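Structure first, then comments.
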Amino acid sequence: MMQVAGKVVVVTGGARGIGRALCEAFHRADAAKVVVADIDEAGARAVAAAIDGAALQCDVGREQDIRHLIEETERQFGPIALFCSNAGIGGGFDPLSENAGGTSDEVWARSWAIHVMAHVYAARHLIPRMKVRGGGYFLNTISAAGLLSQMGSPAYSATKHGAVGFAENLAISHKADGIKVSILCPQGVDTDMLRSIPKGPQSGDGDLTPEQVARDALAGIEQETFVILPHPQVLGYMRRKTENYDRWISGMAKIQARMREAYGTQRKGGMD
Ligand SMILES: NC(=O)c1ccc[n+]([C@@H]2O[C@H](COP(=O)([O-])OP(=O)(O)OC[C@H]3O[C@@H](n4cnc5c(N)ncnc54)[C@H](O)[C@@H]3O)[C@@H](O)[C@H]2O)c1
């Protein structure tokens, strides 16, 4: 059983939303030090100040930034027991898009860097250290979109699927090294990211608070479960998807059509 008490923990995207709630939950669980890493330095400092943590500015899409984050944390505070790759962006949402392949390369590249390569860099620079120590833990915040799909967001959906694929491989490859992996896959969570897009199917089972999601994440880590589903309904959707993929695609297409209609009406209403 993984215990956070007395451990050094890093959380990326820790300045706001789910990341901030994770930092606060780890502090309450008596982590020895929580390192709040974010591209928003002032935000990271504010969160760190409230929890006796440390703040480090970092763009998780850049390998040298992740390397620096890991080296500095271990130099100042000791071995990282738990690394949470949580930073994410909601780029490219367009429910009225005429073409799922139409999203710009810039959005695709940024989503890939932040949602997938950031997790790869964390593993690249921590696995050798963790192997020497006989273990370690990665918690990657992904999304139910990585297991199902996020309508209107091809780049978000595909890169979150990529993140699930990498986490599976990471867990399989390093089980024998004592290295554990969990993926945190909620639907709607009441954060700035969710508020930046119109209400849609991701909120169909209700939006959770970041604090609720952080509590579930902590419980999932303690139990060392691979998939952490703060919305338990997601397990049923996964089952339906694998049971009959074609029926699932048809059902999702119907929901998307309704969403387009609702959003189109909203937008027209707004323009009148
Ligand atoms: N809010 C939701 O409904 C929801 C649902 C499922 C999954 N998620 C995922 O949860 C994670 C956290 O999202 P949130 O809702 O808390 O969003 P948020 O926008 O509230 O917070 C994201 C944080 O990440 C930081 N960040 C963004 N790009 C970064 C970068 N390149 N380097 C370092 N930090 C960066 C931001 O500055 C911000 O502090 C994301 O991976 C997101 O995809 C969110």
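Could you pull out every residue, at least 5 positions away or on a different chain, whose amide H is within less than 5 Å of the one on Val35? Hs are placed 1.01 Å off N in the peptide plane, and Pro or chain starts have none.
Amide H neighbours of Val35, under 5 Å, 5+ apart: Val9, Val10, Val11, Ala54.
Using the count of nearby Cβ atoms within 10 Å as a rough guide to exposure, how do Met252, Met117 rank from fewest to most?
The order, fewest Cβ neighbours first, is Met252, Met117.
Just the Kirkwood number for the stretch 122-272, please: inverse of mean 1/r across all distinct Cα pairs, in Å, one decimal.
Working: mean 1/r = 0.0586 Å⁻¹.
Evaluated on the stretch 122-272, it is 17.1 Å.
Could you work out [θ]222 nm for the chain from helices alone, using -39500 (n - 2.57) per DSSP H run of at least four and dividing by all its residues? Round to the nearest 500 deg cm²/dmol. The partial results should precede the final answer.
Working: 10 runs with 138 residues, N = 272.
After summing the helix terms and dividing by the residues of the chain, the value is -16500 deg cm²/dmol.
Tilt of helix 118-133 relative to the longest C-alpha principal axis of the chain, in degrees (0 to 90, nearest 10)?
30 degrees
Using all alpha carbons of the chain, what is the percent of pairwise distances in each 10 Å bin, ordered from the shortest bin to the longest?
Spelled out bin by bin, the chain gives 7, 30, 36, 19, 7, 1, 0 percent.
Relative contact order for the stretch 119-221 using alpha-carbon pairs under 8 Å, separation at least 6, rounded to a whole percent?
This gives 29 percent for the stretch 119-221.
Show me the three semi-axes of the equivalent ellipsoid for the stretch 193-232, from the C-alpha gyration tensor (sqrt of 5 times each eigenvalue), largest first, rounded to whole Å.
The answer is 23, 10, 8 Å, longest axis first.
Which whole-Hz couplings ³J(HN,Hα) result when phi for each residue of the stretch 5-22 is put into the Karplus expression 6.51 cos²θ - 1.76 cosθ + 1.60, θ = phi - 60°, listed in order with x for Gly and Pro?
Result, ordered by residue: 4, x, 9, 8, 10, 10, 10, 8, x, x, 6, 9, x, 5, x, 4, 5, 5 Hz.
If you average the C-alpha positions of the stretch 136-167 and of the stretch 38-103 separately, how far apart do those two centres end up, in angstrom?
The two parts, judged by their Cα centres, are 16 Å apart.
Using alpha carbons only, what's the Rg to Rh ratio of the stretch 1-147 with Rh from Kirkwood?
Answer for the stretch 1-147: 1.01.
How big is the shadow of the Cα convex hull of the stretch 181-251, averaged over all directions, in nm²? Before the final figure, lay out each step's value.
Working: hull surface 22.1 nm².
Its Cα hull, projected and averaged over all orientations, spans 5.5 nm².
Going by how many other beta carbons lie within 10 Å of each one, how would you line up Thr73, Thr209, Thr12, fewest first?
Fewest-to-most ranking of Thr73, Thr209, Thr12: Thr209, Thr73, Thr12.
Placing unit charges on C-beta atoms (Lys and Arg positive, Asp and Glu negative, everything else neutral), compute the dipole magnitude of the chain about its Cα centre in debye, rounded to 20.
480 debye
Using the scaling law 2.2 N^0.38 Å as the reference, what is the normalised Cα Rg of the stretch 25-84?
1.06
Under a 10 Å cutoff between Cα atoms, tell me which one of Asp216, Asp65, Asp246 has the largest fluctuation in the Gaussian network model of the chain.
Asp246
Would you compute the Debye intensity of the stretch 160-203 from its alpha-carbon atoms alone, equal scatterers and no solvent, and pass along log10 I(q)/I(0) at q = 0.33 Å⁻¹ to two decimals?
-1.12
What percent of all Cα-Cα pairs in the stretch 133-213 falls into each 5 Å bin, going from 0 up to the bin containing the maximum distance?
Per 5 Å bin, starting at 0, the Cα pair percentages come out as 3, 14, 22, 21, 16, 11, 8, 4, 1, 0.
Under the definition of Cα pairs under 8 Å and six or more residues apart, what whole-number percent is the relative contact order of the chain? Write down the numbers at each step before the final one.
Details: 485 pairs, mean separation 48.6, N = 272.
Reported relative contact order: 18 percent.
Go through 80-92, 158-170 and give me the packing order, highest mean Cβ count within 10 Å leading.
For the peptides 80-92, 158-170, the packing ranking is 80-92, 158-170.
Give the relative contact order (percent, whole number) for the stretch 184-272; include only Cα pairs under 8 Å separated by 6+ residues.
Value for the stretch 184-272: 30 percent.
Please find the FRET efficiency linking Asn99 to Ala176, where r is the Cβ-Cβ separation and R0 is fixed at 41 Å, and quote it to the nearest 0.05.
The pair Asn99/Ala176 has a calculated efficiency of 0.40.
Read-outs: derived from the displayed coordinates by stated rules, not from any lab. Just so you know, these numbers come straight off a predicted model, no measurement behind them. We place every Cβ from the backbone using ideal geometry, glycine too, and count neighbours over all the protein chains shown.
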